[in-house]
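**Q** Let me give you the structure first, and then I'll get to my questions.
The values are calculated or read from the model by the stated rules, or taken from the named source; none is laboratory data. Nothing here was measured: the structure is a model prediction, and the numbers come from that model. Methodologically, a virtual Cβ is constructed for each residue, glycine included, from the backbone with ideal geometry; neighbour enumeration extends over all protein chains shown.
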Ligand code: GLA
């Protein structure tokens, strides 16, 4: 397990570089990532390439026993290039350009930018080919950051029409798939299809969904330019991209064929504030939400069902969330352990030193702007030492959460409730598993599902016969399945099937959906389950059972007594359908029953903010709270890091099973 850092030599006087790089090596750093925003430094004038500075930085890094990870610099095209080709700029739905002056100011479908990308990427790839000190490449930087996956410019309009032509073949097939007789939206030709620009009322849900799919595909096509050129130059390099947390418009799974390595950028105290409906608790402001960060770890591991990297790890205070709290003492070390426990093979801190200039002056580094150690430096150094001894296989999860971005887009397009949010719904089940120390892969349904004892499918909204058959095959062979609310509601074109939900899943579920409703707090939100009373939230479905058994029913409200949760034996396995969005206690009950049926071991329910994760025979106990906890370790456990008291924002590692531990708060 290795620790690394993101470094920007171009930000610092040349005479400082050697000292910086020497200090990185002293801290146990093994990888140094560079150059993602350096196009105007590499090519200050059109055609005048200067890579000598990067050559020198790479040489210094290798002289000190470390390896370089380089980036293609296309996230920030220089001003002279935008002046040459203003059509590169993206446009908002109302036509407003996204001007030069920040970053990500280019359209994925700009022919001019794709040509310029080929030129600069091949120039760098050819220059560094066969350089033994460049381990691999990151393509661009955070595709879609600042909401730039979707663009409404004329180049996107042209590309969208071509995308639709390829997907539907002829315009009548598109009219049929979308259902365009509604509101007089019938189309006579693909040329009549525009990007969904500003309108008085909401857009057609099928057109919007296809536009989201097209936009996500545009980023994938653009990334393939980088990957193909880099591989052509030197196929020893790994090709990676750095994705983002809880990011909804970029479909990371669609990049799997073009990337060797998935990486993502983890900023726990920021994410707890700016991409969850719930307000961040004091502990989350100091160390983040372990299930929010953990689910992203497990998604980027699940993308290729292999180890991933954290390409950018928060190093201290960060500038972009609503607030910039200092992380808890030890949090930067805890985050590195958390990532490795969830399958990361490398954790690179963003950045080496706080930058004196530009938009991120109020963003920490491992060192302060004067080069002195900052709060994260000693954490990183300690984590590097502790993790260097571990050489681990990937996480071997017994449970899979199925995820498709199409379901996120479709349910968030028609939420039916102000508090319907796909990631939050999915995390309800993920958190129930993690509170029981159960690891889960977040995977696309087209992945190999044969190795999982249990599968959970949060809001598996768009279902076709092929997906239903995949799930039927798994359950018939003995996999235990838990389907959740809003599953099987629509077909792949985002249209209601001609039969009640769950449509193609009906044989599996053994019940159908008679009614759905979204329910605010001031309405009844109670169900019984296994004779106990529980709360649910946001969304509910009234089920009519065929040969399924009712195991949960509504109490009160218009649906009083109607079936809410069902179980159905199917082949060697069972299918549970949870027709409500469960609150935490009900989620725990439904999930532990699933784990019992699947014979998957689990621990007692861990306290909020305390998590255990197992990887290759080692278990991490991680404390994301400001109070120490004591751990009753399994009898045969061998302590590797720490001891049986896990300090505030601390981590203990032992050789042994996660399911056998217990934790006492205080
Ligand atoms: C993202 C970007 C970085 C930087 C950090 C700040 O991860 O990739 O360039 O802006 O956020 O936290």
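**Q** Looking only at region 68-118, filter to residues that are in contact with a helix residue (DSSP H, G or I) (Cβ under 7 Å, 6 or more places away or on another chain) and in a strand (DSSP E or B); which one of those is nearest to the ligand (Cβ to nearest atom)?
**A** Per the stated criteria, the residue is 70.
**Q** Additional query: Quick one: which residue in 252, 256 is surrounded by fewer than 19 Cβ atoms within 10 Å (Cβ to Cβ) and under 18 Å from the mean Cα position of the chain (by Cα)?
**A** 256
**Q** Taking region 209-225 on its own, how many of its residues are touching a strand residue (DSSP E or B) at 6+ places or on another chain (Cβ under 8 Å) and away from the ligand (no atom under 16 Å from the Cβ)?
**A** Of the residues in that region, 0 qualify.
**Q** What is the residue count in region 505-519 for residues that are within 28 Å of the chain's Cα centre (by Cα) and part of a helix (DSSP H, G or I)?
**A** 1
**Q** Does residue 57 qualify as being farther than 30 Å from residue 615 by Cβ and in contact with a helix residue (DSSP H, G or I) (Cβ under 7 Å, 6 or more places away or on another chain)?
**A** In short, yes.
**Q** For region 527-547, enumerate the residues that are under 19 Å from residue 456 (Cβ atoms) and without any contact (Cβ under 8 Å) to a residue 60 or more places away in the chain.
**A** The answer is 527, 534, 536, 540, 541, 543.
**Q** Answer with yes or no whether residue 57 is part of a strand (DSSP E or B), away from the ligand (no atom under 16 Å from the Cβ) and under 22 Å from residue 226 (Cβ atoms).
**A** No; evaluated as a whole, the condition is false for this residue.
**Q** May I pose another question? Take the conditions part of a loop (DSSP other than H, G, I, E, B), surrounded by 14 or more Cβ atoms within 10 Å (Cβ to Cβ) and touching a residue at least 12 places away in the same chain (Cβ under 8 Å) and apply them to residue 524. Does it pass?
**A** Yes; evaluated as a whole, the condition is true for this residue.
**Q** Of everything in region 453-466, what is touching a strand residue (DSSP E or B) at 6+ places or on another chain (Cβ under 9 Å) and without any contact (Cβ under 8 Å) to a residue 60 or more places away in the chain? Give them in sequence order.
**A** 455, 457, 458, 459, 460, 461, 462, 463
**Q** Another question about this same structure. I'd like to verify a number: residues in region 470-509 that are on the phi > 0 side of the Ramachandran plot and surrounded by fewer than 20 Cβ atoms within 10 Å (Cβ to Cβ), how many?
**A** 1
**Q** Can you name the residue in region 324-339 that is farther than 27 Å from residue 21 by Cβ and without any contact (Cβ under 8 Å) to a residue 60 or more places away in the chain and is also nearest to the ligand (Cβ to nearest atom) among such residues?
**A** 324
**Q** Can you give me the ranges of the strands (runs of 3 or more DSSP E) entirely in region 392-463 with at least 2 residues that are closer than 20 Å to residue 256 by Cα?
**A** Answer list for region 392-463: 399-402, 440-443.
**Q** Search region 340-363 for residues being outside any loop (DSSP other than H, G, I, E, B) and more than 14 Å from residue 30 (Cβ to Cβ), and hand back the single one that is farthest from the ligand (Cβ to nearest atom).
**A** Top of the filtered list is 341.
**Q** Could you list all residues from region 609-627 that are part of a loop (DSSP other than H, G, I, E, B) and under 18 Å from residue 335 (Cβ atoms)?
**A** Passing the criteria: 609, 624, 625, 626.
**Q** Residues that are within 16 Å of the ligand (Cβ to nearest atom) and closer than 30 Å to residue 583 by Cα, at least 2 per element: which strands (runs of 3 or more DSSP E) completely within region 236-323 meet that?
**A** The qualifying strands (runs of 3 or more DSSP E) are 261-266.
**Q** If residue 28 satisfies every condition in (1) crowded, with 17+ Cβ neighbours inside 10 Å; (2) at pLDDT 95 or above but one, which is the exception?
**A** Only one criterion in (1) crowded, with 17+ Cβ neighbours inside 10 Å; (2) at pLDDT 95 or above is unmet by residue 28, namely (2).
**Q** Considering region 41-54 alone, what residues qualify as being in contact with a helix residue (DSSP H, G or I) (Cβ under 8 Å, 6 or more places away or on another chain) and free of Cβ contacts under 8 Å to residues at least 12 places away in the same chain?
**A** 50, the sole residue that qualifies.
**Q** Please identify the pairs in which a residue from region 300-323 that is closer than 15 Å to residue 345 by Cβ has its Cβ atom under 6 Å from the Cβ atom of a residue that is more than 14 Å from the ligand (Cβ to nearest atom) and assigned to a helix (DSSP H, G or I), counting only partners at least 6 apart or on another chain.
**A** Final answer for the pair search is 303/252; 303/253; 308/301; 310/339.
**Q** Kindly indicate whether residue 164 is surrounded by 15 or more Cβ atoms within 10 Å (Cβ to Cβ), over 31 Å from the mean Cα position of the chain (by Cα) and free of Cβ contacts under 8 Å to residues at least 60 places away in the same chain.
**A** no
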